[in-house]
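K.L.:
Would you mind keeping the following structure in view while I ask a few things?
We did not get these values from a lab; they are worked out from the coordinates using the rules stated. Fair warning: this is a prediction, and the values are worked out from it, not measured in the lab. As a convention, Cβ positions derive from the backbone with ideal geometry for all residues, glycine included, and neighbour counts pool all protein chains shown.
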Amino acid sequence: MSYLIYIAEFGLIAIFFLWFRDIRLFLTTRLPGYRKAAYQGVLFTALASLGFSIALYGADAEIIGLGLILAGLYLQGRIQKEKIFTDESTMERFFGSCRCNKDKDSGKK
Amino acid sequence: MEIAEELARKQRSISVAEFFEKNKHLLGFDSPTRGIITTVKEAVDNALDACEEAGVLPDIFVQVRKISDDVFRIGVEDNGPGIVPEQIPPVFGKLLYGSRFHQIKQSRGQQGIGISAAILYAQLTTGMPAVIISRTDARKKAHRFELMIKTEANEPDVRSRQQVDWDRPHGTRVEIEFKSTLAAKKRLLEYLRYTSVVNPHARITADIDGEISTFERVSAEAIPCPKAIQPHPHGIELGTLKRMLSAQESMTLEVFLVENFSRVGKQVAREICEKARLSGEQKISMLQPADQKRLLSAMQSVQIPAPPASVCLSPIGEDLIRRSMDKEFSLDFVAARTRPSSVYSGHPFVVEAAIGYGGKLNADDKALILRFANRVPLLYQPGACAITNTIAGVNWKLYNISQQTLPAGPIIILVHVASTNVPFTSESKDAIASIPEIEREIGLGLKDLGRELKLFLSRRDKKRVADDRARAICAVIPEIAIKVGEIVEKPAPDTQAIEGKIMRKVIAKRRTVNGTVQIEVNNYTSQPLSLKIYDFSPDAATDALPKPAFSEKSGDEYTRVWNCELAAGGTWTARYGGRGPGHLDLQGIEEKQKVVMDLDV
């Protein structure tokens with residue numbers, strides 16, 4: 001097991017994190033960009049999980065596994081999302097806490 | 001009958017000078033190129049021996065000047081005790097004349113042949129006399145001799161003698177002119193460099209046809225001069241024993257043994273006598289040839305402690321070898337070992353070995369092997385030497401060093417054999433004979449060093465892998481910062497500080513918070529550092545803490561300097577009241593090792 005496993009692990013955690021963040025932002029904002037990101041995040045996270053399994057268990061296939069994880073990350077990053085932040089702090093932005101629309105009950109923006 | 005008489009008329013004795021005149025290759029004068037090195041070697045050896053005996057730090061000057069197409073003048077000058085004028089002609093003009101032959105102790109020269117042979121070689125090739133200048137005291141004038149050797153009689157032939165002024169308060173200068181070439185100039189400088197390595201207390205300055213090289217000393221302590229010891233019973237031969245017995249016929253056997261041999265006390269003497277079936281009270285003049293043989297056999301079979309090597313030998317020492325090698329070769333790794341003293345045929349010896357790795361050494365070459373005997377470099381006949389053979393006999397692959405008979409790579413191996421009687425293969429002292437005891441000690445020393453080198457190499461490889469990983473991470477960090485910036489919809493943060501921490505650099509930060517300028521310097525390197533911190537700003541900073549070592553206004557700006565000693569992993573901070581704009585700089589560290597950040601920008 002080489003240090004590439006740690007990179008793969010980091011990639012997988014990052015993709016899970018970004019997916020959960022997109023879900024959180026979608027639940028807050030109900031914007032179509034975040035909806036798409038939350039739905040497609042299932043596929044990309046699955047792809048990254050497969051990549052991590054290959055990197056972890058596949059003999060001499062760390063690079064292939066890492067490639068799948070990076071592909072997942074790349075595809076997740078390509079989804080166009082709306083600009084939503086205004087005066088939030090960096091940590092709030094990072095963890096997906098948005099003040100732009102808290103009217104979740106109405107289901108409208 | 002007539003033929004026999006005619007042959008008898010031709011019979012005559014041969015002087016030792018005549019013998020060596022005909023067989024100069026035995027003394028290392030087999031070619032003009034080599035002659036120049038042998039001459040310098042003999043003169044420098046004598047100079048070092050003389051300084052050692054006088055307890056002074058050697059300051060030796062070697063000069064080689066071209067006189068005509070193929071004639072060179074060699075001059076070697078030392079600051080030793082000098083030679084009394086009466087002794088100068090025999091010392092330089094007679095072969096086999098010297099003070100060390102009958103002493104059992106470590107010394108470079110022994111037989112009293114070397115420098116006389118060089119003078120003999122000079123008069124053979126150019127017919128010019130050697131010039132000797134020597135001064136024994138600052139209150140006396142120096143004596144200048146021009147002398148040659150009467151080869152048929154092996155006696156000095158003094159051509160001129162006069163008192164002269166000389167700039168050295170004491171010392172000796174030898175000037176010899178002979179036919180030679182400077183083809184071996186590189187080797188001559190190598191010889192001087194290697195001599196400097198094993199004589200770390202000596203400063204050697206060489207002027208080779210106008211090109212000056214200085215080999216500086218690394219130790220300012222004169223080495224203790226080895227003291228002569230008595231012969232050891234295990235190293236004696238029948239002829240020597242007979243001579244010793246005949247010289248002191250009035251003694252009793254027991255007293256003779258106790259007084260003439262090292263490590264023989266009364267009890268050992270009695271044991272020897274018992275074993276030889278002789279009485280200790282017996283006068284030695286009464287011993288018959290058969291008794292003498294029995295006595296010798298008993299002397300060599302009785303268990304006797306090894307000779308006192310610490311008295312008669314003068315090893316260089318691990319620390320000085322390391323320092324000398326580092327000075328001359330600038331290595332990444334140097335380790336040295338001085339083995340415990342050992343004995344072969346009654347002669348004590350000490351083996352010292354050192355290994356250097358990396359630095360400026362060429363990785364594609366074979367290992368550089370430096371052989372030394374009694375602090376003298378051995379430059380010729382490496383293949384015939386026990387040192388080379390022992391190095392080839394070690395399995396270097398076990399220590400992660402490639403090997404094709406001899407080890408290969410950026411490696412330097414030094415072996416020094418110090419003994420009261422170094423077993424050379426010939427009189428030219430080029431190679432050490434294959435003595436199992438010596439080879440065993442060399443092997444043990446090298447294996448010990450090999451293990452240390454292996455440890456260094458494995459640590460270095462681990463560090464290299466860690467550095468590669470750190471570099472890979474540092475390459476990814478800015479990309480991650482950009483991505484995170486995109487995610488949080490903010491500009492990418494400055495990642496220099498994180499990179500500096502990972503790459504083990506010094507990071508200096510300057511920021512202004514609520515009207516206070518803060519300066520922070522972190523040393524993430526593994527070395528303690530002595531830094532000068534420069535801060536330029538329009539603020540007067542009279543309240544600066546700590547107070548700067550220097551503060552001056554130039555134009556609209558103030559310049560402040562702090563001197564800071566920063567341990568590895570340490571942090572230094574300073575603060576003062578101010579508005580903020582300004583800039584920071586560090587001195588005392590390489591540019592690529594520092595990161596200076598202005599957080600106000």
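K.L.:
If you average the sequence gap of Cα pairs under 8 Å that are 6 or more apart and divide by the length of chain B, what percent do you get for the contact order?
P.N.:
10
K.L.:
While we're on this one: Normalised by the number of residues in the stretch B:61-116, what is the relative contact order in percent for Cα pairs under 8 Å and 6+ residues apart?
P.N.:
That works out to 24 percent.
K.L.:
Another question, then. Quantify how strongly other chains surround peptide B:485-492 by giving the mean number of their Cβ atoms within 10 Å of each of its Cβ atoms.
P.N.:
4
K.L.:
Would you work out the relative contact order for the stretch B:470-510, in percent, from Cα pairs under 8 angstrom that are 6 or more residues apart?
P.N.:
37
K.L.:
Based on the Cβ-Cβ distance of B:Val16 and B:Asn389, what FRET efficiency does E = 1/(1 + (r/R0)^6) give at R0 = 25 Å, to the nearest 0.05?
P.N.:
0.20
K.L.:
Could you give the distance between the Cα centres of the stretch A:45-90 and the stretch B:122-199, to the whole Å?
P.N.:
82
K.L.:
For chain B, what is the Kirkwood hydrodynamic radius in Å, using each pair of distinct C-alpha atoms?
P.N.:
Evaluated over chain B, this radius sits at 29.5 Å.
K.L.:
How much length, in nm to one decimal, is gained on full extension between B:Gln87 and B:Glu190, taken as 0.36 nm per residue of separation minus their Cα-Cα distance?
P.N.:
33.8 nm
K.L.:
Oh, and also: List the lysines whose Cα lies under 29 Å from the Cα of B:Lys447, skipping any in the same chain that are fewer than 8 positions away.
P.N.:
B:Lys105, B:Lys327, B:Lys360, B:Lys366, B:Lys397, B:Lys429, B:Lys462, B:Lys463
K.L.:
Same structure, new question: Which residue, B:Tyr380, B:Val561, B:Ser342, has the largest displacement toward the positive end of the dipole of the protein assembly as shown when charges sit on each Cβ (Lys, Arg +1; Asp, Glu -1)?
P.N.:
Sorting the options by dipole projection puts first B:Val561.
K.L.:
Classify the protein assembly as shown as rounded, prolate or oblate from the Cα gyration tensor: take a ≥ b ≥ c as the square roots of its eigenvalues, call it rounded if a/c is under 1.5, otherwise prolate when a/b beats b/c and oblate if not.
P.N.:
Because a/c hits 1.5 or more and a/b exceeds b/c, the protein assembly as shown counts as prolate.
K.L.:
Ok, one more. I need the GluC sites (Glu not before Pro) found in the stretch A:1-87, filtered to DSSP loop residues with at most 15 other beta carbons within 10 Å of theirs.
P.N.:
Qualifying residues, ordered by number: A:Glu82.
K.L.:
Just how large is the dipole of the protein assembly as shown about the Cα centre, in debye to the nearest 20, putting +1 at every Lys and Arg Cβ and -1 at every Asp and Glu Cβ?
P.N.:
In total the dipole reaches around 1760 debye.
K.L.:
While we're on this one: Enter the Cα centre distance for the pair the stretch B:523-601 and the stretch B:210-287, rounded to the nearest angstrom.
P.N.:
The distance from the Cα centre of the stretch B:523-601 to that of the stretch B:210-287 comes to 70 Å.
K.L.:
Provide the gained length on full extension for the span B:Arg9 to B:Ala247, in nm with one decimal, where the gain is 0.36 nm per separating residue minus the Cα-Cα distance.
P.N.:
Fully extending the segment from B:Arg9 to B:Ala247 adds 82.1 nm.
K.L.:
Calculate the FRET efficiency for B:Asp167 and B:Ser213 from the Cβ-Cβ distance with a Förster distance of 35 Å, rounded to the nearest 0.05.
P.N.:
Result of the calculation: an efficiency of 0.95.
K.L.:
Among the lysines, which have Cα under 20 Å from the Cα of B:Lys553 when same-chain residues fewer than 8 positions away are ignored?
P.N.:
Here the lysines satisfying the reach criterion relative to B:Lys553 are B:Lys532.
K.L.:
On average, how many beta carbons from a partner chain sit within 10 Å of the beta carbon of a residue in A:85-94?
P.N.:
3
K.L.:
A further question on this structure: Determine the gain in length on full extension of the stretch B:Ser551-B:Glu452; use 0.36 nm per residue of separation and subtract their C-alpha separation, reporting nm with one decimal.
P.N.:
So the extension gain works out to 30.6 nm.
K.L.:
So, one more: Exposure proxy check: B:Ile442, A:Ile84, B:Ile14 ranked by fewest other beta carbons within 10 Å?
P.N.:
B:Ile14, A:Ile84, B:Ile442
K.L.:
On to the next question. Using the Cα gyration tensor of the stretch B:120-177, with a ≥ b ≥ c the square roots of its eigenvalues, what is the shape: rounded (a/c below 1.5), prolate (a/b larger than b/c) or oblate (neither)?
P.N.:
In terms of gyration-tensor shape, prolate.
K.L.:
Continuing with the same structure: Between the stretch B:410-457 and the stretch B:339-405, how far is it from one alpha carbon centroid to the other, in angstrom?
P.N.:
Here the two parts' Cα centres lie 5 Å apart.
K.L.:
Determine which lysines satisfy two conditions relative to A:Lys81: a Cα distance under 17 Å, and not lying fewer than 8 residues away in the same chain.
P.N.:
Reachable lysines: A:Lys36, A:Lys109, B:Lys483, B:Lys490.
K.L.:
Tell me, what HN-Hα J-couplings in whole Hz come from the Karplus equation 6.51 cos²θ - 1.76 cosθ + 1.60 at θ = phi - 60° for each residue of the stretch B:75-82, using x for Gly and Pro?
P.N.:
x, 10, 10, 10, 10, x, x, x
K.L.:
Order of B:186-197, B:561-572 by packing, highest average Cβ count within 10 Å first?
P.N.:
My ranking of the peptides, most packed first, is B:186-197, B:561-572.
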